[in-house]
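Here's the structure, in structure tokens; my notes come after.
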Amino acid sequence: MVSHICSIGLMGIEGYRVDCECDLAGGLPAFDVVGLPDAAVKESRDRVRAAIKNSGLDFPMRRITVNLAPADLRKEGPIYDLPILLAILRSSGELNALPEGACFVGELSLSGELRPVTGALPMAAAAAAAGMTRIYLPRDNAAEASFAEGIEVYGIDRVTTLVEHINNGMALTPEKPRDLKNDMILPDFRDVKGQENARRAVEIAAAGRHNILLVGPPGAGKSMIASRIPSIMPELTREESLDCTKIHSVAGLTSKQNPFVVAPPFRSPHHTISFAGMSGGGRVPRPGEVSLAHNGVLFLDELPEFRNETLEVLRQPLETGQITISRASGTCSYPCSFMLVCAMNPCKCGWYGHPTKQCTCREDMRRQYLAKISGPLLDRIDMHIQVPSVKYEELNAQKPGESSEAIRERVLRARERAVARGVSCNAAMQAGQIREFCVLDAAGSNILRAAFERLGMTARGHDRILKIARTIADLAGSDAIQAPHIAEAIQYRTLDRER
């Protein structure tokens, strides 16, 4: 008897249906798994055999052939343990007919318990898209998978529970979707002393989701400011949270306690990160830092210390909001629409321009240090902000700074104005939208022309200034971009004067 069990495979965050077929034949006992299985899938044979015996069920001493179709796609990981076990039990007559439209995913322990797997949410969403009406998976994955719409999710602890449900009709309660509540306590801007210019720039950056570079000496508060940016960003919508959770699930960063990504992600990789760690990759393409920061912030501290090849990876994602990874095992695309926040010292020693400390770098050394950031990458960073050292009076002031909540209210109002124009944020405006929504009067046009010629800007830099000016006008509640808005936007391109 040949049995058929439905399961789901993953390529990136996209799933596809996998049919697990089992045939029992005469001859010497054997157990073969075919259909391009990797080592983890081949090892399912031992886990499945032990799980069946330790669950009090009979393992058939016959020639067992399991096929995972489609056979031309490579099957990865232990997620097929459960469907292989059920296919064998069904073929041997130990299991009755399965529920209509059911899909099964799960890793087995030797005792027959189900262990959590990665990618539960994208697999549940793929099962629903494939026409499945219910999915059975490990209980620890049930809360995450319940985020998918159009499918009932059943969390299972042990194989025996599932067998009782199928054979004897034991009732199981589907997992109820949880409310998406953001209970995270984020660092607050009220702790930042002084740095009014940097705070203003960060507010503009968050309102328009503009990329920003903070330049200043050690201890000026660059990292402190950057870590507080998520606290002033708009909350994730359900669709944004769904996309982020899928990526983090595939990367194995979700858990039973934290099954959803409910706040804008904040990723801060060390400068020793590899090319593949930033972009994603591996034999089986996994998401990198640019994808894990999707709908959030990617913070690169000590920017010139990153390898050049690692930084150049950012150029395409910053333009398209997506990255495609091609490997021998297949090609997959991950979304990576993020706000890039960078920090760096003004020179190698860090003290150039400091009022009291002496810089030990020669001028050519300083320019060489700045040149580690390529022109095309710097062009894609909208705002370059000088962050000076904090003065003693500011550091010891008893009055706290403005809270993140107050800043966030202004950011939300500015975002609402952008959404009313038909764009998610001003940084995402295309060429046609820039021409439509960033019209300048004569005074503003003259200011921008003078800056364009004096600083030797590129067309991309020109458009970046218009987008920033549009955000400044939105924060001011102005429908038109005025000359002061353009003038303020130009001053946020300080490194254009250095190159």
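Here's the list of lysines a cross-link from Lys75 could span, going by alpha-carbon distance under 29 Å and ignoring same-chain residues fewer than 8 apart: Lys42, Lys53, Lys246, Lys256. Across the stretch 396-465, counting alpha-carbon atoms alone, Rg and Dmax equal 16.8, 49 Å. Once the convex hull of all Cα atoms in the stretch 242-292 is built, its volume per residue stands at 85 Å³. When the Kirkwood radius is taken over all Cα pairs of the stretch 340-499, what Stokes-Einstein diffusion coefficient follows at 10 °C and 1.306 mPa s, in µm²/s? Estimated diffusion coefficient is 89 µm²/s. Given their separation in residues at 0.36 nm each and the Cα-Cα distance between them, Arg178 and Gln491 gain 108.1 nm when the chain is fully extended. In this calculation the C-beta distance from Thr458 to Glu309 is compared with R0 = 35 Å, giving a FRET efficiency of 0.95.
Extension gain for the segment Gln322 to Leu412, taken as residue separation times 0.36 nm less the Cα-Cα distance, is 29.9 nm to one decimal. Annotation for the stretch 400-445: GluC sites (Glu not before Pro) lying in DSSP loop with at most 16 further Cβ atoms inside 10 Å of their Cβ are Glu402.
For the chain, the alpha carbon positions stretch 86, 47, 44 Å along the principal axes, listed from largest to smallest. Distance distribution P(r), the stretch 46-104, all Cα-Cα pairs, bin width 10 angstrom from 0: 18, 53, 27, 1 percent. The slack between Asp72 and Ala129, meaning 0.36 nm per residue of separation minus the straight C-alpha distance, is 18.4 nm. May I ask for the angle, rounded to the nearest 10°, between helix 44-54 and the longest principal axis of the chain, with both axes built from Cα atoms and the value confined to 0 to 90°? Taking the Cα atoms of the chain, the angle to 44-54 is about 60 degrees.
The angle between the Cα long axis of helix 159-168 and the longest principal axis of the Cα atoms of the chain comes to about 60 degrees, rounded to the nearest 10.
Of all beta bridges that DSSP places with both ends in the stretch 5-155, some 55 percent have antiparallel geometry. Modelled label positions at Met61 and Ala476, each set 7 Å beyond Cα in the direction of Cβ, lie 8.7 nm from each other.
Farthest toward the positive end of the dipole of the stretch 336-473, out of Leu455, Thr360, Ser389, is the Cα of Thr360, where the dipole comes from beta carbon charges about the Cα centre. Contact order, relative form, for the chain: 13 percent (alpha carbon pairs under 8 Å, 6 or more residues apart, mean separation divided by residue count).
For the stretch 226-329, applying the loop criterion from DSSP together with a ceiling of 11 other beta carbons within 10 Å to the trypsin sites (Lys or Arg not before Pro) yields Arg283. For the stretch 135-181, the direction-averaged projected area of the alpha-carbon convex hull comes to 3.4 nm². Treating r as the C-beta distance of His165 and Gln257 and R0 as 30 Å, the FRET efficiency rounds to 0.70. Relative to the dominant Cα principal axis of the chain, helix 442-455 is inclined by about 80°.
Only the coordinates and a few stated rules stand behind these numbers; no lab work does. If you're wondering where the values come from, they're calculated on a predicted model, not measured in any experiment. Positions of Cβ are backbone-derived with ideal geometry, glycine not excepted, and every protein chain shown enters the neighbour counts.
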